[in-house]
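Enquirer: Below you'll find the structure I mean.
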Amino acid sequence: MASADQTKTNQINLVADHTSPYYLNPSDYPRQMHVNESLNDNNYLDWVQEMETFLFAKNKVGFVDGTLKKPETEYSNHASWLRCDAMIRGWLTTAMEKEIRVSVRYADSAEEIWSDLKDRFGKESAPRAYELKHLLISTRQDGSSVSSYFTKLRSLWDEIGSTISVPRCSCAGCTCGISKKLTDLRDKERLYEFLLGLDNDYSTIRTQILAMKPIPTLLEAYRLVSEDEQQCDVSTGKKTNTDSAAFQAFMKRDGVAAAQNRNGPKNNKRIIVDKAEHCDFCGKNGHSRDVCFKRVGYPEW
């Protein structure tokens, strides 16, 4: 009797302990969507990354990676394991397209589903790697902001890193320095790809970055280009306001002249009034000091 009571107490402690992998929040239920998009044939890498993050936050990774094995029936945590595994299977299947969900319907555990998906979608795909490389080469700024352009590149770099296996050093602690050399080589390659796709407006800052010794990191180069973009935006904004005011003054005078040609002498009174406007900066009539080209600058037209 005492043994049965102890078993029940241990099981209650496992379920109630928030740090235990067997703990389930009262708000949890199987048909919950915990990723941004359902799994399909083309988004496994993004999907599995989001799902791993969620399972880690829930302390449930051990159920899918096989480290938390199913206990034997005589153990007190057997029922708790079954409940958690059923919950995780519900989370996984809810976040799938119908065709994929049907194919894992009869899986015995969340680990079996996880392993099956990895075998089907997680292998390196030569066509997908080629497609990503082609997208990377063809990606250009094309008038978008530097931030938007960099975000596109970063997304492609991350997916390429997940799709294409990269050689890694196998020595303990990497005393040979190969890992650092590979990382530096990758970062330098990404820097050149970033600079290559910039618009011609950034040719000056691009030349300055390439001339720096030592050459800056990718993030440092991104910061320099972003600052150059901000300065150009400020300068362009001032020039646009000046040109707009000057253009309005020009159109006003041009409209008066056109009215004179169309309507003849009957509009002379209107013209005299407009010409009476005098600029005290250049000394000429027909415009005010605020829109004087000589003071605010001549527009390109």
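The values are calculated or read from the model by the stated rules, or taken from the named source; none is laboratory data. Keep in mind that what you see is a predicted model, and the values were worked out from it rather than measured. Cβ placement follows ideal geometry from the backbone for every residue including glycine, while neighbour counts extend to all protein chains displayed.
Enquirer: Determine whether Phe250 is among the aromatic types (Phe, Trp, Tyr), at pLDDT below 95 and assigned to a helix (DSSP H, G or I).
Expert: Considered against the rule, which asks whether it is among the aromatic types (Phe, Trp, Tyr), at pLDDT below 95 and assigned to a helix (DSSP H, G or I), Phe250 comes out as yes.
Enquirer: Of all the helices (runs of 4 or more DSSP H) wholly in segment 97-173, which have at least 3 residues that are at pLDDT below 90?
Expert: On the way: elements: 98-103, 110-121, 126-138, 146-163.
Answer list for segment 97-173: 110-121, 126-138, 146-163.
Enquirer: Can you name the residue in segment 50-70 that is assigned to a helix (DSSP H, G or I) and free of Cβ contacts under 8 Å to residues at least 12 places away in the same chain and, of all such residues, is surrounded by the most Cβ atoms within 10 Å (Cβ to Cβ)?
Expert: Out of the qualifying residues, it is Val61.
Enquirer: Next question. Exactly one of these conditions fails for Tyr222: (1) over 26 Å from the mean Cα position of the chain (by Cα); (2) at pLDDT 95 or above. Give me its number.
Expert: (1)
Enquirer: Could you please let me know if Ser109 is among the polar types (S, T, N, Q), in contact (Cβ under 8 Å) with a residue 24 or more places away in the chain, touching an Asp or Glu at 6+ places or on another chain (Cβ under 7 Å) and assigned by TED's automatic domain parsing to the domain that holds Asn36? Working first, answer last.
Expert: On the way: among the polar types (S, T, N, Q): yes; in contact (Cβ under 8 Å) with a residue 24 or more places away in the chain: yes; touching an Asp or Glu at 6+ places or on another chain (Cβ under 7 Å): yes; assigned by TED's automatic domain parsing to the domain that holds Asn36: yes.
So Ser109 passes the test.
Enquirer: May I ask you to verify whether Leu195 is modelled with pLDDT under 95, among the aliphatic types (A, V, I, L, M) and part of a helix (DSSP H, G or I)?
Expert: no
Enquirer: Starting from segment 186-210, keep only residues that are touching a residue at least 40 places away in the same chain (Cβ under 8 Å), then list their pairs with residues that are surrounded by fewer than 16 Cβ atoms within 10 Å (Cβ to Cβ) whose Cβ atoms are within a distance under 6 Å, requiring at least 6 positions of separation or different chains.
Expert: Pairs found: Gly197/Arg140.
Enquirer: Could you say which residue among Met33, Met51 is of a type outside the set (D, E, K, R) and under 22 Å from Glu159 (Cβ atoms)? First the steps, then the outcome.
Expert: Values: Met33 fails: under 22 Å from Glu159 (Cβ atoms).
It is Met51.
Enquirer: Give the number of residues within segment 23-44 that are free of Cβ contacts under 8 Å to residues at least 12 places away in the same chain and surrounded by 10 or more Cβ atoms within 10 Å (Cβ to Cβ).
Expert: Final tally of qualifying residues: 3.
Enquirer: Does segment 71-96 hold any residues that are assigned to a loop (DSSP other than H, G, I, E, B), of a type in the set (Ser, Thr, Tyr) and either buried (at least 16 other Cβ atoms within 10 Å of the Cβ) or under 32 Å from the mean Cα position of the chain (by Cα) (or both), and which are they?
Expert: Ser76
Enquirer: Among Thr183, Thr204, which is in the same structural domain as Lys133 (by TED's automatic domain parsing), modelled with pLDDT of 90 or more and not in a loop (DSSP other than H, G, I, E, B)?
Expert: Criteria check complete, one pass: Thr204.
Enquirer: Within segment 207-222, count every residue that is hydroxyl-bearing (Ser, Thr, Tyr) and assigned to a loop (DSSP other than H, G, I, E, B).
Expert: Qualifying residue count, segment 207-222: 1.
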